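Here's the structure, in structure tokens; my notes come after.
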Amino acid sequence: MAESPEQSKTKLSTGEVYEELRAQILENRIPPGTRVNIEAVSRQLGVSPTPVREALHRLQGDNLVVATSGRGYSTTTLLDLSALRDLFEFRLLVEPWAARSAAVDRLENPARRLEKELDSFRQQTESNDDIRQDLVSHDTRFHDLILSATGNDVVLNAYTQTHCHLHIFRLYPADIGGAITLEEHRQVWRAIRDCDPERAEEAMQEHLTGAYMRFAQAFEDSDAAPALRPAGSALTHVPAQQQA
């Protein structure tokens, strides 16, 4: 018996539709600030509108799309240079401490899991020409493993809600082959493996600072990109005093 038109539009699951739309957004095949037409996506993917709506709802939770009354869903705009700096300053407050904590706790040390993740990503860089999606996923897993090892759910949840990996990798393929990120991650892993908290903290700080400068290249005024303020400094923007 032949499939009805509606039955033929159910071959992809909601999860598969979500992954496809997520990839299109991260790779800028759906540009920032673009309205997402549910019917058009439904036709493109050969599915009914229902899994598309469900996938868009999940993407809204990732802050990759936004719902506007009367307009439906649109992809979110890119971070600007100021927001990029704010995001990395938040990361500098949290992640060097997390790396230090992971290196101190010998019982919960995530070195073996980190090594497995690094080996898996290295194999992907050797077998795939375009590893952007793999790089996003690897970066997310690597940093999540370190944060999870702290056992601090408040910190982990606050970090997860930034969806930083999904946003920064939309900006610019700063490390398109993944080699720089892989080596910097190895430096962090080695320090954690060796239970060297000072070096783990330093390696994470160096990694985040380097990543910020790479992603800042996406902006026309990247040569004037503001330096990241260290975690020990006052982070509030204090206006200069007016002349009397």
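The values are calculated or read from the model by the stated rules, or taken from the named source; none is laboratory data. Here the structure is a predicted model, which is why all the values come from computation and not from measurement. Cβ sites come from the backbone with ideal geometry, for glycine too, and all protein chains shown count toward neighbours. With ligands, DNA and RNA removed, areas are computed over all heavy atoms of the protein, side chains included. Shrake-Rupley method; radii C 1.70, N 1.55, O 1.52, S 1.80 Å.
Residues of the range 24-55 that are touching a strand residue (DSSP E or B) at 6+ places or on another chain (Cβ under 8 Å) and either within 19 Å of residue 133 (Cα to Cα) or among the basic types (Lys, Arg) (or both): 25, 30, 31, 32, 35.
Of the residues contained in the range 107-116, one or more are found to be open to solvent by less than 60 Å² (accessible area, probe 1.4 Å) and part of a helix (DSSP H, G or I).
Here residue 218 meets the list (1) surrounded by fewer than 14 Cβ atoms within 10 Å (Cβ to Cβ); (2) modelled with pLDDT under 85; (3) out of contact with any helix residue (DSSP H, G or I) (no Cβ under 6 Å at 6 or more places or on another chain) almost entirely, failing just condition (1). Restricting attention to the range 41-85 and to residues that are in contact with a helix residue (DSSP H, G or I) (Cβ under 7 Å, 6 or more places away or on another chain) and of a type in the set (Ser, Thr, Tyr), the residue that is surrounded by the most Cβ atoms within 10 Å (Cβ to Cβ) turns out to be 73. Identify, from the list 136, 154, the residue that is modelled with pLDDT of 85 or more, of a type in the set (Val, Ile, Thr), open to solvent by 60 Å² or more (accessible area, probe 1.4 Å) and assigned to a helix (DSSP H, G or I). Residue meeting the stated conditions: 154.
The set of residues in the range 117-130 that are open to solvent by less than 100 Å² (accessible area, probe 1.4 Å) and out of contact with any Gly (no Cβ under 9 Å at 6 or more places or on another chain) comprises 117, 118, 119, 120, 127, 128, 130.
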